[in-house]
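Take a look at the structure below.
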Amino acid sequence: MALEYPQNIRNFCIIAHIDHGKSTLADRILELTKTVAQRDMEEQLLDNMELERERGITIKARAVRLNYTAVDGNEYVFNLIDTPGHVDFNYEVSRSLNACEGAILIVDASQGIEAQTLANTYLAVEQDLEIVPVINKIDLPSARPDEAKEEIETVIGIPADDAPCISAKMGINIEAVMEQVVKCVPCPKGDKDAKLKALIFDSYYDAYKGVIVHIRVKEGTVRTGDKIRMMATGAEFQVTELGYMGATELISADELRAGEVGYIAASIKSIGDTKVGDTVTLADDPAAEALAGYRNVNPMVFSGIYPADGSKYQDLRDALDKLQLNDASLSFDPETSIALGFGFRCGFLGLLHMDIIQERLEREYNLDIITTAPSVVYRITKTNGEVVMIDNPTNYPDVSEIEQAEEPIVCAHIFSPSDFVGSIMELCQDRRGVFKDMKYLDDKRVDIHYELPLNEIVYDFFDALKSRSRGYASYDYEIIGFAPSKLVKLDIMLNGDVVDALSFIVHTDKAYPRARRICEKLKENIPRQLFEVPVQAAIGGKIIARETIKAMRKDVLAKCYGGDITRKKKLLEKQKEGKKRMRRLGTVSVPQEAFMAVLKLDE
Amino acid sequence: MTGLYIHIPFCLAKCPYCDFYSVQYGRGLAEEYKRAVIRNLNYYKDEKFDTVYFGGGTPILLWKEIVEILENVSAADNAEITLEANPCVVLKESLTELRHAGVNRISLGVQSLNDKELKALGRRHNGEAAIKAAETAYNCGFKNISADLMLATPLQTKESLYETVSELGKLPVSHISAYMLKIEENTPFAQRELPLPDEDVICEMYLNTVKQLEDLGFRQYEISNFAKEGFICRHNMKYWNCGEYLGIGPAAHSYYKGERFFVNRDMDGFIRSERQEAVREDPRGAAFGGYEEYAMLRLRLAEGLNLKEYKRRGGNAEMLLKEAAKIPKGCFNFNGESISLTPKGFLVSNTIIAKLLMYR
């Protein structure tokens, strides 16, 4: 039977914890619907960034349109929207969800529900999405599908009796998932003749077409040649091309109607004009109001990024510019450090986001970079009544000027087998957490609820959590506001001079151990110089920790063999080369590893 | 005038710390080698050499060949002609012949007078043999005898080194070269766990030795070289003064007519070719004989670097002085005309020289 609009359209996404098999299921669906020829099939096709494939995570949402012939003989159009699975990209997740009517919830048959899954499932339920639970990895010997189903029913409160038990990896029972989607996910509502309202849920930069915007048309119809307006930014463009997302290429079409998912190209130069969550309407016949839920996402974690080689400043700027083309949530502003020279203060949604950007700079743009310790945003009320937001420790005001210092607080939910509750609570307590409550998810797993300062989790909280729970615990957080705190700025001095790039803000109680550890790390990582170098940590001029790098006493005195000057010259060149790679701070030469090492204090 | 370096890359056995080029000694090969050297020398008939240096390897193994080679060298009247010798092959007969052939300086590979240390170094001689070798050379008419001394070797202590130096002072030697053992890659020493003195002890060893030699009348004129009045090695000074020298033999280096070049480490190739093939050195951004070479080499001398000369060779004396100001006081002296390193500075000379030349 022919395709019927809009009854035979299904828009859905997949919710899953990292490693629970989301991308693998997406691949199997692509195979089953023959959207991708077998020979083009690359493992995890939707994650098309090299980094994504390597880390097994989805960084950006992707969407693809599939054709499926159901058991009843009807043809369906499936729009599968892949969502990022990480807390840093929560807002993007919520927008992707908003483009769908249903969500496949993948639960690992051996692991059960994880914190992130639950958070995203709640988001989906909030948006009235129909949840289609699926139990994956039933091929594993440790699979406990019945327990997983029970958990879904008790924790999320949705029936899971007829949830398909599948193995995405082995390709078992994939068709049952498709049939569930046909049966349970409702077709889109919306009037194709109403005024245009289309939700932007993703965008990326294409060198030839400009920004490609992924949209879900909620109301009305958009056609090639239409003049469109972005309702939040006010920017207007003429649609040069639109269509659907094939798995490996864009397929152009004449129009996109209410309920459909597709892309628009309109010679858009800046991705800043196409903010995720914004509403696209027609410039000449605009909708009265935008779709609900748009917000501007603000970076929460900041760090300085500097080229290891000062002459690569322009290259770094170009690379950041290009990254920003595809990632509007990355912010950067030029900054200068006495220690590191010219660089950029970059803002990220979270730690993973920061990690990814650093890695992409190094990998895709071949840059050697130095990153300063991540900092969160502090709200400082000065004695003169002025309120300032500080994201760079260098700008932290003098103690005498501070009336009140506040730091961002998150509400965190940690899911863990109950055996590890003790050591996890110890960890949270150590990170200045405030215990809120604890719920049993079933007889073996608990949800521990804490409020924690963001600056305590930006460094290595996740790693610590994993190591204390043998990898079983997961967590999710959301920023809930600011709270007053006893904060101090810790300065690090080399040979008596403050190294601005190493300063950071820390809670008073943590200052001493932290200062000691940093001094030790620097001592390990800075080679001996011609003179003794004291490494000191100070709060407002008062030294609280000290180490000494002993003076170098000798380098090699080798025999000059038969007038072989070249050997000496090579040695000299090598020495000079080595010195060039170091940062000269006053009289002290510091290798870039030293800056990196202080980021990894707990190793 | 130009110096002449003739490489004699033959050894009876390879010392486990040595990465210089040498091959197993054999009579037939030595004969062929001699002919190849003489063939090459014939291209320089017009050159008068004021220093000649036979380095190795173990040149004294080829003493007969060297006597013949010397007949083909046009040496200046007062030329300094040095030959390196291993104490265990020093014999009256060979030395007498060499003395007659014009050799007037012997450099003995003593290394240590402590038998345990010598054994640990894999040397074939003992202390007694070394003492005897020096005496034999003296008795054969050599008044200019140098002894090589190694510091920081396995099992060496400050005390044992002190004793070796004291003993050396009693011998008829007028020059001492004191090097630190450097563990070179691809040598047996690099594969072993060695009982080496620690860094602080090594530094003390060096500084003590400088002092002790000074007391014995050996003045330090270069990082590793010490001489009694009038016995500074003229050939080696050419290296530090950016003077010219011609090198013959595989692995030999030259600075000749403004060019630096070397010969590949290939004995067969050398013997087979009519004339050795010179490979131009990579100047590595610094002109041959330019200010960087000058600084790098002159700062190894106690005399130091003359700022006028540095400038004449294209260096920026102000920048150099600016960099020098960042170097700790006890490491160098500046007398208004020259910068020179102190023994303490010599210990970190690589670092200091690199620092001084960073401004480029």
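The values are calculated or read from the model by the stated rules, or taken from the named source; none is laboratory data. The structure displayed is predicted, hence computed values, not measured ones. Positions of Cβ are backbone-derived with ideal geometry, glycine not excepted, and every protein chain shown enters the neighbour counts. Protein only, heavy atoms only, side chains kept; ligands, DNA and RNA dropped before computing areas. Shrake-Rupley method; radii C 1.70, N 1.55, O 1.52, S 1.80 Å.
Shielding of peptide B:344-357 by partners, expressed as the average count of other chain Cβ atoms within 10 Å per residue Cβ, is 5. For chain A, the longest principal axis of the C-alpha atoms and the axis of helix A:565-580 are separated by about 60°. The charge dipole of chain A, taken about its Cα centre with unit charges on the Cβ of Lys, Arg, Asp and Glu (plus for the first two, minus for the last two), comes to roughly 3200 debye. Hey, quick one: spin label on residue A:463, modelled 7 Å out along Cα-Cβ, who in the stretch A:325-353 has an amide N within reach, i.e. under 18 Å? Within reach of a label on residue A:463, which here means backbone N under 18 Å from a point 7 Å along Cα→Cβ, the stretch A:325-353 contributes A:350-353. Label zone of residue B:43 (point 7 Å out along Cα→Cβ, amide N under 18 Å): in the stretch B:1-27 this covers B:2-8.
For chain B, the relative contact order works out to 15 percent when only alpha carbon pairs closer than 8 Å and six or more residues apart are counted. On the beta carbon distance between residue B:216 and residue A:570, with R0 = 41 Å, the FRET formula returns roughly 0.70. Number of Lys-Lys pairs in the stretch A:97-246 with C-alpha atoms under 29 Å apart and a separation of 8 or more places or on different chains: 24.
FRET efficiency for the pair residue A:399 and residue A:517, taken as 1/(1 + (r/R0)^6) with r the Cβ-Cβ distance and R0 = 25 Å, rounds to 0.65.
For the stretch B:266-360, the relative contact order is 26 percent, taking Cα pairs closer than 8 Å that sit 6 or more residues apart in sequence and dividing their mean separation by the residue count.
Measuring with a 1.4 angstrom probe and ignoring ligands and nucleic acids, residue B:145 comes out at about 0 Å² accessible. Remark: for residue pairs A:322/A:489; B:238/B:322; A:550/A:576; B:14/B:132; A:574/B:326, the C-alpha separation exceeds 25 Å in A:322/A:489; B:238/B:322. Annotation: extensible slack from residue B:97 through residue B:259 equals 54.8 nm (criterion: 0.36 nm per residue apart, minus Cα-Cα distance).
Checking Cβ-Cβ separations below 4.7 Å across chain B identifies B:11, B:88, B:140, B:203, B:233, B:242, B:331 as cysteines lacking any candidate disulfide partner.
Helix A:313-326 and the long axis of chain A differ in direction by around 20°, with both axes built from C-alpha atoms. Ordered by 1.4 Å accessible area with all protein chains kept, A:364, A:151 run largest first as A:364, A:151. Within the same chain, aspartates and glutamates fewer than 8 places from residue B:64 are excluded, and of the rest, those with a Cα less than 20 Å from its Cα are B:31, B:32, B:80, B:84, B:93, B:97.
Modelled spin labels at residue A:362 and residue A:255, positioned 7 Å past Cα toward Cβ, are 5.2 nm from each other. Helix A:115-126 and the long axis of chain A differ in direction by around 40°, with both axes built from C-alpha atoms.
Counting, for every residue in A:381-393, the Cβ atoms of other protein chains within 10 Å of its Cβ and taking the mean gives 0. Treating r as the C-beta distance of residue A:139 and residue B:323 and R0 as 51 Å, the FRET efficiency rounds to 0.15. Take each residue in B:219-232, count the other chain C-beta atoms within 10 Å of its C-beta, and the mean is 1.
Sorting the segments A:89-97, A:269-277, B:74-82 by their mean number of nearby beta carbons within 10 angstrom, highest to lowest, gives A:89-97, A:269-277, B:74-82. Per residue of chain A, the DSSP helices (runs of n ≥ 4 H) give a summed -39500 (n - 2.57) that works out to -7000 deg cm²/dmol at 222 nm.
When only Cα pairs below 8 angstrom with a gap of at least 6 residues are kept, chain A shows a relative contact order of 9 percent. Extension gain for residue A:172 to residue A:72 (0.36 nm times residue separation, less C-alpha to C-alpha distance): 33.9 nm.
Averaged over residues, the count of other Cβ atoms within 10 Å places the peptides B:155-162, A:23-30 in the sequence A:23-30, B:155-162, highest first.
Counting only protein heavy atoms and using a 1.4 Å probe, the accessible area of residue B:307 comes to about 20 Å².
Each label point was placed 7 Å from the Cα along the Cα-to-Cβ direction; for residue A:7 and residue A:236 their separation is 4.0 nm. Backbone amide hydrogens, once placed in the peptide plane, bring residue B:305 within less than 5 Å of B:339, B:340, excluding anything fewer than 5 places away on its chain.
Along the axis of the charge dipole computed for chain A (Cβ charges of +1 for Lys and Arg, -1 for Asp and Glu, origin at the Cα centre), the listed residues A:308, A:243, A:371 are led at the positive end by A:308. A simple packing score, the average count of other Cβ atoms within 10 Å per residue, orders the peptides A:515-528, B:314-327 as A:515-528, B:314-327, with the highest score first.
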